[in-house]
1. Taking a 24 Å limit on the Cα-Cα distance, which of the listed pairs 100/137; 107/129; 129/180; 129/169 fall beyond it?
2. Give me the percent of accessible area attributable to carbon and sulfur for the stretch 78-127, probe 1.4 angstrom.
3. Within a Cβ distance under 11 Å of residue 100, other residues only, what is the Lys/Arg minus Asp/Glu net charge?
4. Which order do 154, 140 take by accessible area at a 1.4 Å probe, largest first?
5. Could you work out the Rg to Rh ratio of the stretch 122-206, with Rh taken as the Kirkwood radius (inverse of the mean 1/r over all Cα pairs)?
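The values are calculated or read from the model by the stated rules, or taken from the named source; none is laboratory data. Remember, predicted model here, so these are calculated numbers, not experimental data. Here the Cβ positions follow ideal geometry from the backbone for every residue, glycine too, while neighbour counts run over all protein chains shown. Note: areas computed on protein heavy atoms with side chains; ligands, DNA, RNA excluded. Shrake-Rupley method; radii C 1.70, N 1.55, O 1.52, S 1.80 Å.
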Amino acid sequence: MAEQEPTEEQLAAIAAENAEGDSEMVNYKPPALKTLQEIHELDKDDESLQKYKKALLGDGHEAGADPTVPNVQVTRLTLMCEQAPNPLTLDLQGDLEAFKNQSFVLKEGVEYRIKISFKVNREIVSGLKFIQQTYRKSVRIDKSDYMVGSYGPRPAEYDFLTPLEEAPKGMLARGAYNIKSKFTDDDKHDHLSWEWNLDIKKDWTE
């Protein structure tokens with residue numbers, strides 16, 4: 001039996017329901033930006049604070065960082081699902097346009113998280129955010145804003161995990177979804193934007 005496609009009215013109802021649950025950032029003001037050098041110079045006589053700053057900010061890795069690469073590099077998106085038969089990973093340092101012609105298959109009703117892997121190379125970045133807008137048949141049905149936080153430079157990558165979510169289920173939920181993702185910050189720098197596709201199916205191998 002062919003899957004029943006949702007009508008425009010049903011999609012609008014889903015979008016309205018999801019909008020009611022959107023969290024708003026009220027009265028949030030980003031902190032004043034300081035360079036790493038300024039932070040290292042603060043409270044130089046406080047030995048315990050200096051040790052804490054070294055643990056938090058590193059020991060000068062940023063001085064040797066390649067000035068030609070972006071300060072923030074988003075490297076991978078991973079769809080984390082214990083029930084998935086294979087890893088679901090997007091290499092965000094490759095051809096982003098190719099993702100528009102590919103699709104993740106996600107079984108309806110399973111629990112999953114999204115993991116974003118990224119690097120900070122030279123300066124502290126304040127108020128990183130991961131934003132996702134989900135579309136069905138060109139209608140935006142959901143928008144999620146995740147506060148990632150503020151991070152200092154280091155050689156190793158950072159990982160950010162979204163809260164546990166449940167994939168939609170039911171005949172009307174099955175089908176193709178287009179997702180527009182963005183990694184930004186307090187200063188509205190667009191560190192990376194990309195589109196990818198999700199196909200909700202009755203089973204992994206359907």
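1. On the way: 100/137 14 Å; 107/129 27 Å; 129/180 14 Å; 129/169 28 Å.
Where the Cα-Cα span goes over 24 Å, the pairs concerned are 107/129; 129/169.
2. 42 percent
3. Numbers: positive: 180; negative: 95, 97, 195.
Net of charged neighbours comes to -2.
4. On the way: 154 90, 140 110 Å².
Descending accessible area places them as 140, 154.
5. On the way: Rg = 15.8 Å, Rh = 14.9 Å.
Using Cα coordinates only, the ratio equals 1.06.
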